[in-house]
1. When residues of the stretch 68-101 are filtered for being under 19 Å from HIS31 (Cα atoms) and more than 13 Å from the chain's Cα centre (by Cα), how many remain?
2. List the pairs whose first member sits in the stretch 81-93 and is touching a residue at least 60 places away in the same chain (Cβ under 8 Å), whose second member is open to solvent by less than 20 Å² (accessible area, probe 1.4 Å) and outside any strand (DSSP E or B), and whose Cβ atoms are under 6 Å apart, counting only residues at least 6 apart or on separate chains?
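The values are calculated or read from the model by the stated rules, or taken from the named source; none is laboratory data. Only a predicted model underlies this, so the values are computations on that prediction, with no experimental measurement involved. Neighbour counts run over all protein chains shown; Cβ positions are idealised from the backbone, glycine included. In case anyone asks, the SASA skips ligands and DNA or RNA and just uses the protein heavy atoms, side chains included. Shrake-Rupley method; radii C 1.70, N 1.55, O 1.52, S 1.80 Å.
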Amino acid sequence: MAVPPAVAIYVVNPANGAVLRSFPAPGVRPHGLGWDPDGSLWCTESIYRSFFKMNPKTGEILKQMILPANAPEVDGLVQVPHGMTIWDRQIWFCVAETGEVYKTPLA
């Protein structure tokens, strides 16, 4: 789980919700998580409008993908990514304010 107030990612036992371990999240406002086909973990960071590829065991940042400075845009406002998943080698992310869903290829 990505927990924005804690600025951390928690690995939990799905059976009972017990925290197994945690590591610092990238940035200051982590939101969604998604699994790369290679087994890495991706985390959305809303303030940086970025997606961070991470080692799921250590939390080491392997790569950062930043959205274009002017996209996506709705009614003149650049949108901020929140929840995300990975499917078909694409990052699918939503925007909390509009409910819209966007996608971008994995880099």
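1. Within the stretch 68-101, residues that are under 19 Å from HIS31 (Cα atoms) and more than 13 Å from the chain's Cα centre (by Cα) number 12.
2. PHE93/PRO81
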